[in-house]
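Notes for the one structure printed next.
The values are calculated or read from the model by the stated rules, or taken from the named source; none is laboratory data. Nothing here was measured: the structure is a model prediction, and the numbers come from that model. Glycine also receives a Cβ, built like all others from the backbone with ideal geometry; neighbour counts cover every protein chain displayed.
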Amino acid sequence: MSPLLIGLFVVIATILVLATGIPVAFGLGLVAITFLIIFEGFDSLDIIADVFFGGIAEFSLVSIPMFIVMGAAVASSPAGKDLYSALDRWLHRVPGGLIISNIGACSVFAALSGSSPATCAAIGKMGIPEMRKRGYPDGLAAGAIAAGGTLGILIPPSITMIVYGIATETSIGRLFLSGIVPGLMLTTLFMAWSLYTAKKHGYKFGQTEKGFTWREKFEVLPRVLPFFAIIVGVLFVLYGGIATPSEAAGVGAMFVLILVAVIYKVYQPKKIWAIISDSMRESVMILMIIAASALFSYTLSSLYVTQSVAEAIVSMDVNRWGLMAMINGFLLLAGFFLPPVAVILMTAPILLPIIIQSGFDPYWFAVIFTINMEIGLITPPVGLNLYVINGIAPDISLPTILKGALPFMLCMVLGIVILSFFPQIVTWLPDMVMGPEIS
C-alpha cells in the first residue's frame, strides 16, 4: 500500500475517532498505535514509551504550565471587571467608546490570560449586558466579544505560539514579537467594523448620561496598571536576553499570584488551590496532546506518510501563492473541528519545510497559521467561544451569535490578505528588536 493511501486512511480514522468525543490526546494515541501495529507489527510497541515521553522532555515546555497559572490567577480575580471599567471610564466620551472598550479589554485580558473562553466569560459577563442596555444590536454585542476573545492566541504571551515554536523548533521570543503588530492590527479591524456596523444600524453612539470624574477615572488605574506592567516585564526580560521563556513565565506567574493576592485578596488556601488545580488540569491536557502528537508524528514518519505528502505538495504544478491558498483552506477546515494546539502539533512540522522551500518566512507563516486558528474558535461545530457567549447570554440565540461573529471572521480573512501583501507587518518588529534572522 502506498504511503499516500495510508495517509488517507489515517486522516479518515482520525476524523472518525475524534468525532466520537474522545479526548484529543487519547484519540491521536489510539490512531497512532493502531496503525503502527497494523503495518509494523507488535514489535513496534517497544518504542512507544520513549517516543511519548520524548514528546514532553523539553525544558521549554515548562513555560506552558507557568503561563497557564498566570492566566488562571487573572481569570479567578475581578481583573477583567476592573480592566473593562477602566477603559469604559476613559473612553466613554469617544463615539462608540463602549464597543472600543469591550474589544480593547478583550485584547488585553486575552494577552494576560492566554485563554479565549476565559476572556469571553470575563469581559462578556459585563460587556454584553451593558452594550445591549445602551442599544447595541445583540449580534454585534455577542460577536464582538466572541471575536475579541480569540486575540489571546496571537498577542503575547501566547501558549499557542509556544506550542508552535516547540513543534517547529523556531524561536519563541521571535514568535511573540511577530504576533504583536498583527494582533493590534486585528484589534483595530474589529473596532472599525464594530463602529461602522453600529452606525449603519442607526445606533447614535449615545453614551451614558452619567459622566465620570477624574477621581473615578484614576481610582481604578492602580488595580489595572500592575497587570500591564507584568506583560511589559515578561516581554522585556525575554527580549533583553535576561531570561528564557520558561524563566520569564515562572516569574510572571509568581508576580500575578502576588498581585491578585494583594489587590483582590485572593489568598485563601481554597482559592489558591482552585487556581492551581485548574492550571494543573489544563496543563496536563495540553502536555498529553503534545506527547500524543509526538507519537502520531512518529507513526506518520515511520510509515513514510509525512515525507510522501511533502513530496506530493512540492511536486504540484502551482505557484507559491496557489500553494499558500490551499494550505490556508486546509487550516481553516482543520480549525473547524480541532483545537489550535492539536492542529499545530499535527500539521506544522509537515507544513513548515514546504513553506520555507516555497520562499515564505516561517514566522510570517506562524501568524497566518494562528489567525486561521482564531477563525476556528468562532466557527461551528467546535467554535468554543460561541458556546461560551451563549452560556453567559442564553437569551441570545446561537444563530444570532454566529451571524454577529461572521463579519469578524471576514476581518480575520482580510487580515490574512493584508499580511500576504505586506509581510513586513509581521517581520518588522522581530527584525528591529532581535536583528534579521540568519537562515
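Check whether at least one residue in the range 67-81 is at pLDDT 80 or above, touching a Leu at 6+ places or on another chain (Cβ under 6 Å) and of a type outside the set (G, A, S), and report yes or no. No, every residue in the range 67-81 fails to be at pLDDT 80 or above, touching a Leu at 6+ places or on another chain (Cβ under 6 Å) and of a type outside the set (G, A, S).
Would it be correct to say that I180 is surrounded by fewer than 24 Cβ atoms within 10 Å (Cβ to Cβ), farther than 30 Å from F296 by Cβ and either at pLDDT 85 or above or in contact with a Phe, Trp or Tyr (Cβ under 6 Å, 6 or more places away or on another chain) (or both)? In short, yes. Inside the range 20-43, can you point out the residues that are in contact (Cβ under 8 Å) with a residue 12 or more places away in the chain and charged (D, E, K, R)? E40 - this is the single residue of the range 20-43 that is in contact (Cβ under 8 Å) with a residue 12 or more places away in the chain and charged (D, E, K, R). Please go through the range 394-414 and pick out each residue that is assigned to a helix (DSSP H, G or I) and closer than 10 Å to G139 by Cβ. Hits for the range 394-414 are P399, T400, I401, L402, K403, G404, A405, L406, P407. Residue pairs whose Cβ atoms lie under 7 Å apart, separated by 6 or more positions or on different chains, with the first residue in the range 385-410 and surrounded by fewer than 22 Cβ atoms within 10 Å (Cβ to Cβ) and the second aromatic (F, W, Y), are P407/W193. Within the range 238-271, the set of residues being over 14 Å from M70 (Cβ atoms) and without any contact (Cβ under 8 Å) to a residue 60 or more places away in the chain comprises G240, G241, I242, A243, V262, K265, Y267, Q268, P269, K270. Of the helices (runs of 4 or more DSSP H) lying entirely inside the range 228-337, the ones with 2 or more residues being modelled with pLDDT of 85 or more and of a type in the set (S, T, Y) are found at 269-302. Applying the set (1) closer than 20 Å to L377 by Cα; (2) surrounded by 16 or more Cβ atoms within 10 Å (Cβ to Cβ) to V74 leaves exactly one unmet item: (1). State yes or no: is Y363 touching a helix residue (DSSP H, G or I) at 6+ places or on another chain (Cβ under 9 Å), modelled with pLDDT of 90 or more and of a type in the set (F, W, Y)? Yes, satisfied.
Residue under question is S101, and the condition is that it be modelled with pLDDT of 75 or more, of a type outside the set (D, E, K, R), touching a helix residue (DSSP H, G or I) at 6+ places or on another chain (Cβ under 8 Å) and under 18 Å from F218 (Cα atoms); does it hold? Against the criterion (modelled with pLDDT of 75 or more, of a type outside the set (D, E, K, R), touching a helix residue (DSSP H, G or I) at 6+ places or on another chain (Cβ under 8 Å) and under 18 Å from F218 (Cα atoms)), S101 qualifies.
Looking across the range 282-324, the residues that are surrounded by 13 or more Cβ atoms within 10 Å (Cβ to Cβ) and small (G, A, S) come down to S283, A291, A292, S293, A294, S297, S301, S302, S308, A310.
I12 meets the conditions (1) hydrophobic (A, V, I, L, M, F, W, C); (2) in a helix (DSSP H, G or I); (3) touching a residue at least 12 places away in the same chain (Cβ under 8 Å) in every case but one. The failed one is (3).
Yes/no matrix, rows are residues, columns are (1) under 19 Å from K403 (Cα atoms); (2) of a type in the set (D, E, K, R); (3) at pLDDT below 85; (4) touching a strand residue (DSSP E or B) at 6+ places or on another chain (Cβ under 9 Å):
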| site | (1), (2), (3), (4) |
| --- | --- |
| C120 | yes, no, yes, no |
| M131 | yes, no, yes, no |
| S158 | no, no, yes, no |
| R174 | no, yes, no, no |
| Y196 | yes, no, yes, no |
| G206 | no, no, yes, no |
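Just a yes or no: is a residue in the range 363-377 buried (at least 18 other Cβ atoms within 10 Å of the Cβ), among the small types (G, A, S) and part of a loop (DSSP other than H, G, I, E, B)? No; the residues of the range 363-377 include none that is buried (at least 18 other Cβ atoms within 10 Å of the Cβ), among the small types (G, A, S) and part of a loop (DSSP other than H, G, I, E, B).
One residue alone among I355, I418 is crowded, with 21+ Cβ neighbours inside 10 Å and over 15 Å from G335 (Cα atoms), and that residue is I355.
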